[in-house]
1. Can we say Gly271 is farther than 23 Å from His203 by Cα, touching a residue at least 12 places away in the same chain (Cβ under 8 Å) and not in a helix (DSSP H, G or I)?
2. Going by the structure shown, is Arg135 at pLDDT below 95 and exposed (fewer than 15 other Cβ atoms within 10 Å of the Cβ)?
3. What are the residue pairs meeting all of these: first residue in the range 161-187, first residue open to solvent by 10 Å² or more (accessible area, probe 1.4 Å), second residue more than 11 Å from the ligand (Cβ to nearest atom) and at pLDDT below 95, Cβ atoms under 6 Å, and 6 or more apart or on different chains?
4. May I ask you to say which residue of Ala263, Ala288 is modelled with pLDDT of 95 or more, open to solvent by less than 30 Å² (accessible area, probe 1.4 Å) and not in a loop (DSSP other than H, G, I, E, B)?
5. Where residues in the range 234-252 are within 25 Å of the chain's Cα centre (by Cα) and open to solvent by 50 Å² or more (accessible area, probe 1.4 Å), which of them is nearest to the ligand (Cβ to nearest atom)?
6. Report yes if some residue within the range 221-233 is within 16 Å of Ile6 (Cβ to Cβ), open to solvent by 20 Å² or more (accessible area, probe 1.4 Å), touching a residue at least 24 places away in the same chain (Cβ under 8 Å) and not hydroxyl-bearing (Ser, Thr, Tyr); otherwise report no.
7. Any idea which of Lys245, Lys226 is in the same structural domain as Ser195 (by TED's automatic domain parsing) and modelled with pLDDT under 95?
8. When both residues are 6+ apart or on different chains and their Cβ atoms are under 7 Å apart, which pairs have a first residue that lies in the range 197-217 and is more than 16 Å from Gln147 (Cα to Cα), and a second that is within 12 Å of the ligand (Cβ to nearest atom) and open to solvent by 50 Å² or more (accessible area, probe 1.4 Å)?
Amino acid sequence: MPAELIDGTAIAREVRSDVARDTARLIARGIRPGLAVVLVGENPASAVYVRAKGKASEEAGMHSVTIRLPADTTQAQLFEQVDRLNADPAIHGILVQMPLPKQIDSQAVVRRVRPEKDVDGFHPVNAGKLLIGERDGFAPCTPAGVQEMLVRSGIETKGSECVIVGRSTIVGKPMAALLIQDAPGANATVTICHSRTVDLGAHTRRADILIVAAGRPRFITGDMVKPGSVVIDVGINRVDDVRAKNGYILVGDVDFATVREVAGRITPVPGGVGPMTIAMLLKNTVRAAELASAELASAGAAA
Ligand code: NAD
């Protein structure tokens, strides 16, 4: 029997409706969560993502600001914008869309955003908090979205063998950090595989939960998967397809046709992890606003 689909679009809708409810509750207390998205240059894929993030935050009832800067913006000019947003009390979350033009040091920009407003979860302070299990930081949106999907789909992570393919800073490593915690939706035994792993299949075939973020189209095939397991495909790859209207289709890092015959549950591409990423960005922004208001209240009480 083919694997059951995990519907990321439906789960993301649930998360977004929770976010809209929490936003309304905060607005009733006089706090409107604010998200600022900064786009430098005209990368078409980035422009699409930025538009989608702005629209989603507006739909959730948030204060939404999009700042578009020219491709020749200097690092100092970008820092100026980030500093202004860092100081703006109406903005609780700041996202600088990557990739940035060559003249700008992306890591320096990531470090420039105040950790309390780093809703992307890329600042080293948030990466460190995630690893040591402190709850007042922000986890990167894609792996946080995968965890949220597992929880909302009723998939038990506690005690499970979880294998992650990919060790990037935005997906693989934070995914592992989330799943090893002694916390709900975690407590897994985690293996991280990467480009230098010997005999990848021997690892992936042991996985109760297999999470793939390798950036290689249809890389994981049915023979690499444990029967009945849960397979989460983070990959988004464009591959040429003459039958498609625009000449390409989107596929994951998992060979859906063969893996679906072996796995118990699987995420499709598109419609799997993708929609979760924006939903978690909104969730992080609401939490940033809540944390900021709690801090203000305690500062007020201490004064
Ligand atoms: P990346 O290129 O930074 O990292 C890929 C990782 O895969 C590396 O750590 C590498 O060691 C590993 N890898 C490469 N070849 C391998 C092999 N032969 N065996 C084992 N491991 C191998 O990619 P990333 O930024 O982590 O993204 C991964 C995929 O997820 C991409 O397809 C990307 O488009 C997608 N992605 C999707 C979302 C989303 O919102 N759904 C967000 C981020 C990334």
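The values are calculated or read from the model by the stated rules, or taken from the named source; none is laboratory data. Here the structure is a predicted model, which is why all the values come from computation and not from measurement. Here the Cβ positions follow ideal geometry from the backbone for every residue, glycine too, while neighbour counts run over all protein chains shown. When the accessible area is computed, the model is the full protein with side chains, heavy atoms only, and any ligands, DNA or RNA have been set aside. Shrake-Rupley method; radii C 1.70, N 1.55, O 1.52, S 1.80 Å.
1. yes
2. Working: at pLDDT below 95: yes; exposed (fewer than 15 other Cβ atoms within 10 Å of the Cβ): yes.
It is true that Arg135 is at pLDDT below 95 and exposed (fewer than 15 other Cβ atoms within 10 Å of the Cβ).
3. none
4. Ala288
5. Once the filter is applied, the top-ranked residue is Ile236.
6. yes
7. Lys245
8. Every condition considered, the pairs that remain are Thr197/His203.
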